Amino acid sequence: MGTIILGIESSCDDTSAAVFNDEVILSNCVANQHVHEAYGGVVPELASRAHQQNIIPVVEKAINDAGIDKSEINAVAFTRGPGLMGSLLVGTSFAKGFALANELPLIEVNHLHAHVLAHFIKEDVDDQDQPEFPFLCLLVSGGNSQIIKVKSHLEMEIIGQTIDDAAGEAFDKCAKVMGLPYPGGPLIDKLATEGNEDAFTFSKPRIAEYNYSFSGLKTSFLYFLRDQLKINPNFIEENKVDICASLQKTIIDILMDKLVTAAKDTGIKQIALAGGVSANSGLRQRLNDLGKLNNWVTYIPKFSYTTDNAAMIAINGYYKFLKNEFVGQETTPFARLEF
Ligand code: KG4
């Protein structure tokens, strides 16, 4: 056995625990919270309560699935932020209690760094499919849209980011306007596969450097539907797949235009995707196509590591363990933790 790390993630609405042996995953358990579906978004109060219910069984299952005894664990890594304060408090308090009771060092992890490091999770010791440094990572989730220059496991620099909404928010908010349930991203993805992506055009922002903006798209989408519904009250029902395909294409165009420019300017040809929106089939396809066109080596995480999970927290914890980057029991979660 190498170094055994227990990872805990509770930043938003997924309670997750994972066990790693060095860089190799032994288990990763996630309890999703379906309670939010009825509200069209995550309700923080309900999320913290569900974490409270889920955390003990999830950690117990992760340890059992890993086939280890808890006495074999060398350190506990947990998400310090960014995220919802009530949710973060549950994971942080659990990690502190577990570390104290078992006399283990405690490692705090930035949730966004962890999304990037999901590319280093090995399914077995021979797994060599990891990006080389430096690489560019497009991190796209419900709360973030960033282009990150990754210099080493623990050295990262944001070179571009959204100035308002994130790409996932654009998917979710536009889906809501169409009357689709939360989270809208996966549903738009599914419907888009049957639609014509050139059926409708939506406005694209003109933002400086490698930064993004999605609030204008959301507004233009809202006005477009409002105008069409005045002419035909069944417009959305009759054109749902084409609307989804056209919207998805616009979001992908916006994301990829900046990524292509950043890759050209930096000369970096190792390009990765991360975050919840990287599950999008159109985005994955576009990255592959652009990779062939620009001679990039591309990296797309497995579906299970795109959304929030503790495996990415544990692998980040492992790299910090190697550098003795531990924190004391006085540590607190931080909802707006800087990158
Ligand atoms: O990283 P993540 O799980 O959570 C946080 O943002 O914390 O990302 C969730 C976001 C949601 O906005 C969801 O709609 C989006 O990822 N998403 C997708 C797809 N799967 C998840 N967006 C587009 N296509 C998908 N297939």
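The values are calculated or read from the model by the stated rules, or taken from the named source; none is laboratory data. All values derive from a computational prediction rather than experimental measurement. Just the protein is used for accessible areas: all its heavy atoms, side chains included, with ligands, DNA and RNA removed. Shrake-Rupley method; radii C 1.70, N 1.55, O 1.52, S 1.80 Å.
Could you report the range 115-238's accessible area per residue, 1.4 Å probe, as an integer in Å²?
50
Using a 1.4 Å probe and ignoring any ligands, DNA or RNA, find the accessible area of GLU72 and quote it in Å² to the nearest 10.
70
How many percent of the accessible area of the chain is carbon or sulfur, using a 1.4 Å probe?
50
What order do THR250, THR307 take when sorted by accessible area (1.4 Å probe), most exposed first?
Accessible-area ranking of THR250, THR307, largest first: THR307, THR250.
Restricting to Cα pairs below 8 Å that are 6+ residues apart, what does the relative contact order work out to for the range 133-254? Please round to a whole percent.
26
So how much accessible area does SER246 have, in Å² to the nearest 10, using a 1.4 Å probe?
Estimated to the nearest 10 Å², SER246 gives 0 Å².
At 1.4 Å probe size, with no ligands or nucleic acids counted, give the accessible surface of ARG284 in Å², nearest ten.
40
Tell me the per residue accessible area of the range 1-58 using a 1.4 Å probe; a whole number in Å² is fine.
Heavy-atom accessible area per residue stands at 41 Å².
Using a Gaussian network for the chain with springs between C-alpha atoms less than 10 Å apart, which of these wobbles most: ASP164, ASP198, ASP69?
Residue with maximal mean-square fluctuation among ASP164, ASP198, ASP69: ASP69.
Checking the cross-link filter: which lysines have an alpha carbon closer than 27 Å to that of LYS218, excluding same-chain neighbours under 8 positions apart?
Straight-line reach from LYS218, under 27 Å: LYS173, LYS176, LYS190, LYS204, LYS230, LYS240, LYS249, LYS258.
Going through the DSSP H helices of the chain, which span 18 Å or more along their own axis at the Cα atoms while scoring at least 1.0 as a mean Kyte-Doolittle hydropathy?
85-101
Rounded to the nearest 500, what is the 222 nm mean residue ellipticity of the chain from helices alone, with -39500 (n - 2.57) per DSSP H run of 4+ residues and division by all residues?
Calculated mean residue ellipticity at 222 nm is -14000 deg cm²/dmol.
Enter the accessible area per residue of the range 258-311 (Å², integer; probe 1.4 Å; all protein chains in place).
41
For the full complex of protein chains and a 1.4 angstrom probe, list PHE94, PHE303 by accessible area with the highest value first.
PHE303, PHE94
Leaving ligands and nucleic acids out of the surface, order ASP124, ASP189 by accessible area at 1.4 Å, largest first.
Sorted by accessible area, descending: ASP124, ASP189.
Springs between alpha-carbon pairs under 10 angstrom, Gaussian network model over the chain: which of ALA31, ALA314, ALA47 fluctuates most?
Of ALA31, ALA314, ALA47, the Gaussian network model singles out ALA31 as fluctuating most.
Once a ≥ b ≥ c are taken as the square roots of the eigenvalues of the Cα gyration tensor of the range 118-191, is the result rounded (a/c under 1.5), prolate (a/b larger than b/c) or oblate (a/b not larger than b/c)?
oblate
Given N residues in the range 261-339, what is its alpha carbon radius of gyration divided by 2.2 N^0.38 Å?
Compactness ratio reported: 1.43.
What's the whole-number percent of alpha carbon pairs in the range 199-288 lying beyond 17 angstrom?
56
Using only the alpha-carbon atoms of the range 58-176, report the extent along each of the three principal axes, biggest first, to the nearest angstrom.
45, 37, 25
Please tell me the relative contact order of the chain in percent, rounded to the nearest whole number, where contacts are Cα pairs under 8 Å and at least six residues apart.
Taking the mean separation of contacting Cα pairs over the length of the chain, I get 25 percent.
When the C-alpha atoms of the range 1-73 are aligned to their principal axes, what extent does each axis show, in angstrom, from largest down?
Extents along the principal axes, in whole Å: 45, 20, 14.
Viscosity 1.002 mPa s, temperature 20 °C: Stokes-Einstein D of the chain from its Kirkwood Cα radius, in µm² per second?
So the translational diffusion coefficient is about 104 µm²/s.
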